[in-house]
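Reviewing the structure listed below.
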Amino acid sequence: MQRFQSVLGKPYLPPLFFFSGVTYDTVTLTRIDRLQDNLLLLFYLALLGFLIVLTGRLGTNEATVEDLPPDAPRLMRWIVQAKPYAPMAIQFLLGGLFSAYTIFYSKSATFTGTAVFFCLLVGFLVANEFLRDRLSNVQLLVGLYALVCFGFFTFFLPVMTGLMNQAIFLAGAALTVLVVLRVVQLIYWRNPARTNREALLAGAPALALIGLLVGFYFLNWIPPVPLSMKFGGMYHEVKRAGDHFELSYEKQWFQVWQRSNTTVAADEPIYCFTAVFAPVTLKTTVYHHWYYRSDKSKPFSHADKIPLKISGGREGGYRAYTFKQGLDPGDWRVDVETEDGRVIGRVPVHVEKRDDASRSLTTIVY
């Protein structure tokens with residue numbers, strides 16, 4: 001046991017576990033509606049809640065088996081023996097949850113409107129590697145638990161119900177509040193070592209954090225999970241060919257990685273093609289919101305907003321396109337938005353006047 005503890009104390013182990021865990025999650029967490037992944041995250045949440053209640057009830061004192069009465073249940077003896085390892089287990093579970101959320105939310109985040117929430121997740125993911133010595137603080141534990149519960153229910157309820165709207169989001173926030181209050185209640189229930197004032201101090205920051213995150217939602221700072229944009233681009237022509245789309249665009253020989261137009265002529269039609277992933281049960285409406293500005297010194301202004309009804313389930317995303325012609329020269333972009341205005345993805349293009357109409361087109365299939 002001493003050798004095992006000495007190995008766990010090596011300074012290089014936390015970074016090693018951190019990067020290996022993120023790599024593992026990146027490879028294995030493929031779909032946000034995968035039942036196996038969601039059940040695993042739900043198990044992490046339940047086990048984490050149990051360990052937080054255990055840590056909160058036993059406090060920071062190092063209890064031993066000898067301190068227990070002779071008739072103490074075997075389960076209580078096992079809990080007391082395992083208590084020194086609770087911070088490591090809590091750190092592992094928090095790391096697994098924050099890593100999974102970072103991967104899921106990164107697929108739906110645009111770094112214009114949702115950068116605040118996404119950076120919050122990444123910050124906690126990294127900070128978790130340095131929190132082991134502070135994971136006996138009840139306020140901190142309950143606050144972190146509120147954050148991971150909120151992150152889970154935000155996408156789990158839309159996946160389960162097939163609905164994505166304000167009511168479902170608020171239901172997820174309310175469920176988070178109920179779970180957090182239950183954890184606080186179990187920590188202080190018939191616990192003579194704790195006071196009612198401590199219970200209020202433990203739950204208040206977590207409730208304030210949930211309120212702040214709800215405010216983020218109404219500011220459109222929460223990524224629109226479980227939706228994510230798999231593909232998007234601007235094209236000269238889009239043709240349906242069986243179960244695939246043929247997408248034509250300009251490409252020079254040296255533009256190896258280019259897969260869509262970055263500039264187009266003002267007198268030619270332009271097609272915006274996107275593929276948006278949604279869970280199997282989810283049916284909703286997204287919008288191609290066209291914006292325009294004549295030069296970079298001016299802000300983008302609304303040009304058009306076109307609704308597209310999508311159905312979930314396809315691995316590569318639900319494919320759809322809109323088109324415009326006779327566009328004014330300048331910068332154009334299409335924001336792929338949800339019904340409540342959150343941005344799933346963005347496709348820019350520059351329109352310019354050209355004297356030479358000759359061009360070389362390349363076609364890809366999606």
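The values are calculated or read from the model by the stated rules, or taken from the named source; none is laboratory data. Quick caveat: nothing in here was measured; it's all calculated off a predicted structure. Here the Cβ is made from the backbone with ideal geometry for all residues, glycine too, and neighbour counts use every protein chain on show. Ligands, DNA and RNA are excluded from the accessible area calculation, which covers all protein heavy atoms including side chains. Shrake-Rupley method; radii C 1.70, N 1.55, O 1.52, S 1.80 Å.
Odds and ends about this structure:
- When Leu178, Leu170 are checked against the criterion of being at negative phi, free of Cβ contacts under 8 Å to residues at least 24 places away in the same chain and aliphatic (A, V, I, L, M), a single residue qualifies: Leu178.
- For Met164, the criteria (1) crowded, with 20+ Cβ neighbours inside 10 Å; (2) over 22 Å from Leu39 (Cα atoms) hold in every case but one, which is (2).
- Some residue of region 239-258 being part of a strand (DSSP E or B), small (Gly, Ala, Ser), in contact with a helix residue (DSSP H, G or I) (Cβ under 9 Å, 6 or more places away or on another chain) and surrounded by 12 or more Cβ atoms within 10 Å (Cβ to Cβ): no
- Out of Leu201, Leu144, one residue alone is open to solvent by 20 Å² or more (accessible area, probe 1.4 Å), farther than 17 Å from Arg342 by Cβ and at pLDDT below 90. It is Leu201.
- Restricting attention to region 332-350, the residues being open to solvent by less than 60 Å² (accessible area, probe 1.4 Å) and part of a strand (DSSP E or B) number 11.
- Of residues in region 313-331 being touching a residue at least 40 places away in the same chain (Cβ under 8 Å) and assigned to a loop (DSSP other than H, G, I, E, B), the one most open to solvent (accessible area, probe 1.4 Å): Gln325
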